[in-house]
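Notes follow the structure.
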Amino acid sequence: MLSKSRFNPKPGILDFWAEFRKPNPYRWPILLASMAPFALILYWLAGETSYKAPERPRITYITTFDSDRSDEEIVASNIENQEVKELREAAEADLAQRKRELYKALGAAAGMDVDEIERRANERRAAEEAAERARRDAMFGRTGENVGSETPSQESTGS
């Protein structure tokens, strides 16, 4: 019963009405002043909102390359970029191999079967590479007869 009477608004309303009925010269101005913020908020929310059309975007093209480059210059730039990419990939592969050797030494010191762990990791890596190769073949629409004909360096340069 206590919780029911706790949330009953009737005593509060009756108390308000008893106080409001008392003769007080400021009751109407206080009532209007207390209603004014709510009236202003409702008026502001009910106002018609109109949105103007967004401004058209200004497109700035990236102009890092000379627009008058010849095909030979483009090919030379692509070859240079491919060499940099291959050097970066070789450095990443070397770093990954060094990490594997460190973890292998740590695992051997901890008494783990590092050969079995390495075999599983190689199988997982090969499966991920095969899935990636299959995804790329499907993306480029290659069929079964010409899938393995290109080397990775030819594949990335498009030659």
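Any read-out appearing in this document is the output of simple, stated calculations on the displayed coordinates, not a laboratory observation. Keep in mind the model is a prediction, meaning the values are calculated, not measured. Every residue, glycine as well, gets a Cβ built from its backbone with ideal geometry; the counts of neighbours run over all protein chains shown.
Look at where the Cα atoms of segment 85-108 and of segment 21-81 average out, and the two centres are 49 Å apart.
Helical content alone sets the calculated 222 nm signal of the chain at -23000 deg cm²/dmol, taking -39,500 (n - 2.57) per DSSP H segment of four or more residues and averaging over every residue. Among Tyr51, Tyr26, a tally of other beta-carbon atoms within 10 Å of each Cβ gives an order, fewest to most, of Tyr51, Tyr26.
Between the Cα long axis of helix 114-140 and the first principal axis of the chain there is an angle of about 80°, rounded to the nearest 10. Which option, [x] 29.6; [y] 8.2; [z] 10.4, is the value of mean projected area of the Cα convex hull in nm² that was calculated from these coordinates? Answer by label: [x]. Here the 3J(HN,Hα) profile of segment 95-107, calculated from phi with Karplus coefficients 6.51, -1.76 and 1.60 at θ = phi - 60°, is 5, 5, 5, 4, 4, 4, 5, 5, 5, 5, 5, 5, x Hz, Gly and Pro shown as x.
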